[in-house]
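The values are calculated or read from the model by the stated rules, or taken from the named source; none is laboratory data. Quick caveat: nothing in here was measured; it's all calculated off a predicted structure. All Cβ positions, even for glycine, are placed from backbone atoms using ideal geometry, and neighbour counts span all protein chains on display. All accessible areas refer to the heavy atoms of the entire protein, side chains included, with ligands and DNA or RNA removed. Shrake-Rupley method; radii C 1.70, N 1.55, O 1.52, S 1.80 Å.
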Amino acid sequence: MTRTPTARDLTLDQILERQRQAFLADPQPGAKIRRDRILRLKRLVLDNAADLTEAMREDYGSRPETFSTLTDIASSIPDLDHQRGHIKKWMRPTRVSRALEAVGFTQQVRHDPKGVVGIIGPWNFPLYLTIVPAGSALGAGNRVMIRPSSVTAHTTEALCRLAPEYFAVDELAIAGPEHGRGSDFSVLPFDHLFFTGSPGVGKSVAKDAAENLTPVTLELGGKNPVIVDTSADIDRAARSIASSRLVNGGQVCMCPDYVFVPEDRLDAFCDTVLDQWRTSLPAIVGNTEYTATVNTSNYERIVGLIDDAVKKGAGKRDAVPAGERLPDPVSRKIAPTLLTGVTPDREIDSEEVFGPVLTVFGYKGLDEAIRYVNDRPSPLVLYWYGDRNDRFETVADRTRSGNIYGNDFGIGMASSAIPFGGVGNSGMGGYHGHYGFRTFTHERAVAHHSFSYNVSEMMVPPFTKDKQRMASGYLGAMQVRTRLKL
């Protein structure tokens, strides 16, 4: 009996061709099929939770099972459930005007699948940030090819091994190391390409996609600012921000990167941040609950940013436990570090840290913080601590960021009701819930009439007096309408 081929038996081009032919054979899969595909994706994650969390631990060297279970496993499921629960409604064509339909002129918008979607995943949340967009793409009726990060090799291997147990290669396929580099994947002529990663790599992915006129969604990062308002509880804000900086060892695209605090509260804020870190981490090097920096190159980059800032005059305070020598290149662990007095000539002022380092500035007036944020590329998230007052509205109106979150870390991820995505340097496009479904569908306009005349005849010679009167009447109606609106 002939064995059904898996992704490992085929080249990238062969997988893409199989998926394209399968899509052409069934270009409008019904809600039942789509729901079944998402259910199988959900089962892939839940059935193999233990194997996948262990793979992530091996990739990092030190990553808590509880953390991986919460963020990569369990948190992947609500959006999949949301997709399954709403697909039937989202698939229906949107009717535009019942009044026009009554006179024989129908307009509607179809929500058609795009075809074959490519998804390039990152290493910081190697499961969540591939599974959730894949669920949206499947819900939208597409076939899906996933290229996980090569940095998290054990997790990629687990996905390559497990996916064929749940999906035929023409439905969903995982590209492994045998399929080459990420650039070998991004040059494929997909119908849509979704990438999560750094702005630098995102630019390369966008260039590759442009060669095929492939539309892209880029979920990137950036230096996320925090503005602490005068209305904030400074102790509560400091402890929340300190904890936020340590999520996944600081390796999260939403982590706060630098903080503006009212100048008269700067010392109290810094003292509380350090106290929170020391309380959370009485030990670091041998502490399996503290996530390590993912690899040596990133470890050395982060240590280099700290050293450069200190060498050029920045103040440094860290939470090194008694008796430990940190940073430690063997465990790749860096003590949570707070920097003050950072100026634009420091590398850390412009480079995203992606590690357990927080820069803090004091401010006298809100304009200082707004000007600093606006002088730099648009971040993925802007954090505000304090009341939702006029000052908050000023910051929201006068800055640009992918998202704004108030008084806590990543709270926009709590439901599928709002989109997640960047702007400018932090990305383009968005997903989650209905926004994810729309990202992977083509909103296709349909217009049809049953009139006894052709509109095109009005636009070609001869331009008779009747046509002239009609054109003048139409222009006059628009002028009257405009005057009334004024």
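At a probe radius of 1.4 angstrom, the accessible area of segment 145-221 per residue rounds to 39 square angstrom. For segment 262-321, the carbon plus sulfur part of the accessible surface works out to 46%, probe radius 1.4 Å. As a fraction of the 1.4 Å probe accessible area of segment 84-128, surface on carbon and sulfur atoms comes out at 53 percent. In segment 411-486, the portion of solvent-accessible area held by carbon and sulfur atoms comes to 62 percent [1.4 Å probe, whole percent, DNA, RNA and ligands not counted]. The convex hull defined by the C-alpha atoms of segment 172-236 has an orientation-averaged projected area of 7.5 nm². For the pair segment 272-348 and segment 119-152, the centres of their Cα atoms are 31 angstrom apart.
For the chain, the equivalent ellipsoid built from the Cα gyration tensor has semi-axes of 45, 33, 19 Å, listed from largest to smallest. Sites listed here are trypsin sites (Lys or Arg not before Pro) in segment 1-82 whose DSSP assignment is loop and whose Cβ has at most 14 other Cβ atoms within 10 Å: Arg3. Diffusion coefficient of segment 237-293 by Stokes-Einstein, Kirkwood radius over Cα pairs, 4 °C, 1.567 mPa s: 106 µm²/s. Based on the Kirkwood approach, the hydrodynamic radius assigned to segment 325-365 is 11.9 Å, with every pair of different Cα atoms included. Taking the DSSP bridge list for the chain and keeping only pairs wholly inside it, about 35 percent are antiparallel. Taking trypsin sites (Lys or Arg not before Pro) across segment 161-241, the ones in a DSSP loop with at most 14 further Cβ atoms lying within 10 angstrom of their Cβ are Arg181.
Expressed as a whole percent, how much of the Cα-Cα distance distribution for segment 84-234 exceeds 29 Å?
33 percent
Rounded to the nearest whole angstrom, the semi-axes of the ellipsoid equivalent to segment 31-96, taken from the Cα gyration tensor as √(5λ), stand at 32, 12, 8, largest first. If you take the Cα centroid of segment 68-100 and the Cα centroid of segment 410-450, the two points sit 11 Å apart.
Per the Debye formula with a single identical scatterer at each Cα and no solvent contribution, what log10 I(q)/I(0) holds for segment 159-318 at q = 0.14, 0.18, 0.21 Å⁻¹? Relative scattering, expressed as log10 I(q)/I(0), comes to -0.94, -1.20, -1.42.
Taking the Cα centre of each part, how many Å lie between segment 180-228 and segment 25-66? That distance is 22 Å. At a probe radius of 1.4 angstrom, the accessible area of segment 1-123 per residue rounds to 52 square angstrom.
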